[in-house]
Amino acid sequence: MFAISLGDDGAELRPLEAWQAEEFLAHMERGREFIGTHIGLADAVHDLDSARAFLRSYAEKTANDAGRIYGIWADGTLLGGVMFRTMDVAAGNAEVGCWLEPAAVGRGLVTRACRTLIDWAVDRRGIHRVEWLVSTKNQSSIAVARRLGMTRDGVLRENFTHRGTRADTEIWAVLAPDWRAARPA
């Protein structure tokens, strides 16, 4: 398996695969409350079978070139992850997503991991538009979109239900020419 360094602190980005379901579930247990504050991942992964099924769904997306999922490890521990929730190569669009357990917050891991994913999508796959969909209440995630140089396109009012409550979603995006222009030389 490959690993991509995320910097001098030893953090790595690696594929997250179905054979790692036990590790993924243990990670989810450590961060369930925090992770579930704004996204449904913590509710979807609640036992070993659901963890395995979730990771298999991304293996299928990978095989169909419709998405990807990667874990963020530091000191040998899975701390979070990033993904292309959707990826339409023919249309040149993808949606990036992320999550972290509380112990990993504030280290820049998601920003660094997302930069790696977006670089790959733009440079290798020809993706033109990368989107970031986020609850209007998730200020930490909105801050990542800003750090990535994304532009806020708008708000979808009450477009999804999370834990029984209708919520608004901000749409942020970066276009390939803007992404390339903002990269360090």
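Okay, here's what the table says:
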| item | result |
| --- | --- |
| Length-normalised contact order for the chain - Cα pairs under 8 Å, 6+ apart - percent | 16 percent |
| FRET E, pair ARG14, HIS128, Förster distance 35 Å, beta-carbon r, rounded to 0.05 | 0.85 |
| Label-point separation in nm, LEU48 to THR136, each point 7 Å along Cα→Cβ | 4.3 nm |
| For the chain, calculated [θ]222 nm from helices alone, where every DSSP H run of n ≥ 4 adds -39500 (n - 2.57) | -11000 deg cm²/dmol |
| Neighbour net charge for MET83 - beta-carbon separation under 10 angstrom, K R +1, D E -1 | +2 |
| Positive minus negative residues near ILE171 (Lys, Arg vs Asp, Glu; Cβ under 9 Å) | -2 |
| Kyte-Doolittle at least 0.5, axis length at least 15 Å by Cα - qualifying DSSP helices, the chain | 109-123 |
| Ranked order, CYS98, CYS114 - accessible area, probe 1.4 Å, largest first | CYS98, CYS114 |
| Region 36-122: chymotrypsin sites (Phe, Trp or Tyr not before Pro) falling in loop per DSSP and having at most 11 other Cβ within 10 Å | none |
| Probe 1.4 Å - accessible area at THR165, Å² to nearest ten | 80 Å² |
| For ALA145, net neighbour charge (Lys/Arg +1, Asp/Glu -1) across residues whose Cβ lies under 9 Å away | +2 |
| Solvent-free Debye scattering, log10 I(q)/I(0), computed from the Cα coordinates of the chain at q = 0.10, 0.11, 0.15 Å⁻¹ | -0.37, -0.46, -0.90 |
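The values are calculated or read from the model by the stated rules, or taken from the named source; none is laboratory data. For clarity, every value in this text was computed on a predicted model and none was experimentally measured. Cβ atoms come from the backbone with ideal geometry, glycine included; neighbour counts cover every protein chain shown. Note: accessible area is taken over every heavy atom of the protein model, side chains too, but ligands, DNA and RNA are not part of it. Shrake-Rupley method; radii C 1.70, N 1.55, O 1.52, S 1.80 Å.
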